[in-house]
Amino acid sequence: MQPSDNQLDAHQHQNSTAPLKRAMSTRHLVMLSLGGAIGTGLFLGSGEVISQTGAIGAIIAYILGGAIAYMVMLCLGELAVHMPVSGSFGAYAKKYISPSTGYMISWMYWLTWTATLGTEFTAAALLMQEWFPQISMWIWTIIFAVTIFGLNISSTRIFAESEFWLALVKVVTVIVFIVLGLLAIFGLIPFHGAQTAPLFSNLTAQGWFPHGLIPIFTTMLIVNFAFSGTELIGVAAGETKDPAQNVPKAINAAIWRLLIFFVGTIIVISALLPFQLAGLGGDGVSSSPFVTVF
C-alpha cells in the first residue's frame, strides 16, 4: 500500500524539523487547553462582561463564544489529525494557502503569546505583591519567567506533567467556587448581606437585558479572549501519542468542560452579586468578582 501525498508531506515536514517526542496523552491535552483558557479572561474579564450586559446577556455571550471556539477547534482538530506536525496551523496555512501566509500566521501567533506572557507575568507579580509587598514586582516577574522557560525547554513528559498539575489548580479553584456559590445560592451556607437564600432572583432583578442586546456583541472580544488557549490542543498534536484518537477526545472534553465552567461561574457571580458590582470598579487585583464573592 503506497502512502498518500499528504502523508509523505507530513513525514517530510517532521524530518525537516526537530524530532518530535510523542509523549502527551488525552489528559495532558485536555489540561493544556483548560489551563490555557482559564485565566484573566475568566477571573477578571467575566465580571466586566456581566456589568456591561447583565446576567442573562453574559450567559448568552459565553455560550456564543463557546460555540465559536468549538467550531474553530473542530476544523483545527481535523487538520491536526490529518497532518500532526509541529508547525500546526502555521504549517497548514503554508501548505494549503501560501508560504507567505504561513510565515505571517506563525509570527503573529508567536507575538500573541509573547505579549500575553508579559501581561501574565505582570499580573502574577501584582498578585504576589498583595501578600509580599516588600518584594519588588520585577523580582517576581523574573522568578515566574525563569520557571516557565525552564519547564518549556525540559522534556515533553516533564512539561506535560507540570502543565497537568498546574492547570488542575485552576480547575479545582473554579469547581470549588461554583460548588460554594451554589450552596450559598440555595441557603445551605450563610452569605454576607443576605437574610434568606438569594436563589436566582438577581439574574433578572434589573430586567433581562438592562443595557439592551448590543453589549452582548460588543463584549465578544472579552469573551473570545477568554476562550483563547483552546487552540493549544492543535499546537500540541505533533507531540501527542496517537493523535487520531487523542486529539478529537481532547477537543470534545475541553470545550464542554470550559463551557460548563464559564457559564456556571457567570450564574454564581450573577446570582450573588448585583450586576453593577461585578465589574472591575475597585482598586487593584482584589476587585476581581471571584475575590468579591469569596
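Quick one: net charge around residue 105, please, counting Lys, Arg +1 and Asp, Glu -1 for every other residue with C-beta under 15 Å from its C-beta. Overall, the nearby charge balance is +1. Each peptide in 107-118, 28-39, 60-71, 139-150 gets a packing score, the mean of other Cβ atoms within 10 Å over its residues, and the list from highest to lowest is 28-39, 60-71, 139-150, 107-118. Once the 1.4 Å probe is applied to the protein heavy atoms, the range 40-89 comes out at 34 Å² accessible per residue. Here the simple spin-label model places points 7 Å from the Cα toward Cβ, and for residue 98 and residue 138 these points are separated by 4.4 nm. Extension gain, residue 245 to residue 122: 0.36 nm times the residue separation minus the Cα-Cα distance gives 40.5 nm. Maximal additional length on extending the residue 256-residue 217 stretch stands at 11.9 nm, based on 0.36 nm per residue less the C-alpha distance. Modelled spin-label separation between residue 72 and residue 115, with each label point placed 7 Å from Cα along the Cα-to-Cβ direction: 1.4 nm.
Subtracting the Cα-Cα distance of residue 182 and residue 166 from their residue separation scaled by 0.36 nm leaves 3.2 nm.
The values are calculated or read from the model by the stated rules, or taken from the named source; none is laboratory data. The shown structure was predicted, so the numbers you read here are calculated from the model rather than taken from an experiment. All Cβ positions, glycine included, derive from the backbone under ideal geometry; neighbour counts span all protein chains shown. For the accessible areas, the whole protein counts, side chains as well, though only heavy atoms, and no ligand, DNA or RNA atoms are used. Shrake-Rupley method; radii C 1.70, N 1.55, O 1.52, S 1.80 Å.
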